[in-house]
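What follows is a short report on a single structure.
Taken together, the values in this text are just the output of simple stated rules run on the coordinates, not laboratory data. All figures in this text were calculated on a predicted structure; none of them were measured in a lab. Please note: Cβ atoms are built from the backbone with ideal geometry, for glycine as well, and neighbour counts cover all protein chains shown.
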Amino acid sequence: MAKTHPVQKLLTLAGKFVAEQQGDWDHEAWERLLAEAAQSGMNMDDEAKRNLGNILEGSKYFYHKLPAKAPRKPRAKAKKDA
C-alpha cells in the first residue's frame, strides 16, 4: 500500500476543517488548525501559515459554490428482451 504524502494529509486536514466549520471560522479555530498541522510535523512558520490560509480561502470559495451533495446519476434504462 502506498504511503500518503504529507501534502495529501495537509490538504485533507484543510478540507475537513472548512467543511466542519461550514466555510466560516474565527481566529480560535484557525489557531487550533495551526496547532493540528504543527502536530503532523509541519513547521508552521509565517510562509506556511500564509499558504495554508490561501488554501483555506480557496476551499471556502468552493465550499459555498459547490452543492453539498453530488448530483445523482440517472438510472440506466432496463433493456427489453427481444
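Rounded to the nearest 20, the size of the Cβ-charge dipole of the chain about its Cα centre is 1180 debye, with Lys and Arg at +1 and Asp and Glu at -1. From the coordinates of this entry, P(r) over Cα pairs in 10 Å bins from 0, in percent is computed, and it appears in (i) 15, 40, 21, 11, 7, 5, 2; (ii) 18, 55, 26, 1; (iii) 19, 51, 26, 4 under the label (i).
Taking only DSSP H segments of four or more residues, each worth -39500 (n - 2.57), what value at 222 nm results for the chain once the sum is divided by all its residues, to the nearest 500 deg cm²/dmol? Calculated at 222 nm, the ellipticity per residue is -19500 deg cm²/dmol. Applying a DSSP loop filter and a limit of 11 other Cβ atoms within 10 Å to the trypsin sites (Lys or Arg not before Pro) in the chain leaves 3, 69, 72, 75, 77, 79, 80.
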